[in-house]
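Undergrad: I have a structure I would like to understand better, so I am pasting it below and will then ask my questions one at a time.
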Amino acid sequence: MKFRLEQQFDLPVDQVEAGFVDPDLFAHLGDLDEVGRPELLERVDDGSSVDLRVRYAFTGELAPALMAVVERERLTWVETSTLDRETHRTEFRVVPDHYPDRLRCAGTVVGVDHGSGSRRIAVGSIDVRIPWVRGRVERAIVAGLVRQADVQARIVRDWMASRRQAET
């Protein structure tokens, strides 16, 4: 299943991207609705690109049909991403800690200046390989990604505003 997410910010794309790869952001994010507190595992910044590895754990409600084939406490994954600062393009991939044969997810995020601010546009695909519930699970995951992108954008906007105020 293909998906598209969009986030809007009132800052230039360079500043927004810098915020999204700032290690301090992960401490500020706290518990996120259905995925708990993200854990920054690794950050490598060579000046032109930034590689991140972030672990997430699903903390939301599971449909009974899905609970029959997966264990909730094993729904953890690492999102690996590489931001190219010159092209404002981030490639990402989701790597399940458990059930690697049942989920594939990858895509790109592109940052673009837009009016007096910027947008982050994510496009990707998700493939759930669980017979009988595949479509429902993919739709539920994409709906969760949309909600998570909205929450994440709000938190990042607030965090960046508080940092700007602290600098003045």
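The values are calculated or read from the model by the stated rules, or taken from the named source; none is laboratory data. These numbers come from a predicted model, not from an experiment. In this analysis, Cβ positions are derived from the backbone assuming ideal geometry, glycine residues included, and neighbour counts consider all displayed protein chains.
Undergrad: With (1) β-branched (Val, Ile, Thr); (2) within 11 Å of the chain's Cα centre (by Cα); (3) modelled with pLDDT under 95; (4) within 24 Å of ASP24 (Cβ to Cβ) as the list, and ILE155 as the residue in question, which single condition is left unmet?
TA: (2)
Undergrad: Would it be correct to say that VAL112 is in contact with a strand residue (DSSP E or B) (Cβ under 7 Å, 6 or more places away or on another chain), at pLDDT below 85, over 20 Å from PRO38 (Cα atoms) and hydrophobic (A, V, I, L, M, F, W, C)?
TA: no
Undergrad: Let me ask something else. Here are some residues: ASP97, ASP127, ASP113, ASP84. Which one is closer than 21 Å to PHE3 by Cβ and acidic (Asp, Glu)?
TA: One residue alone meets the criteria, ASP127.
Undergrad: Any residue in region 65-77 that is modelled with pLDDT of 85 or more and within 20 Å of GLN148 (Cα to Cα)?
TA: Looking through region 65-77, at least one residue is modelled with pLDDT of 85 or more and within 20 Å of GLN148 (Cα to Cα).
Okay, residues lined up against (1) of a type in the set (Gly, Ala, Ser); (2) not in a strand (DSSP E or B):
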residue	(1), (2)
ASP101	no, yes
ARG120	no, no
PRO131	no, yes
VAL137	no, yes
ALA143	yes, yes
ALA153	yes, yes
SER162	yes, yes
GLN165	no, yes
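Undergrad: Okay, moving on. Determine the pairs where a residue that is farther than 11 Å from GLY124 by Cα and loosely packed, with under 15 Cβ neighbours inside 10 Å, located within region 83-104, has a partner that is charged (D, E, K, R) and at pLDDT below 95 with Cβ atoms under 6 Å apart, the partner being 6 or more residues away or on another chain.
TA: Pairs found: HIS98/ARG74.
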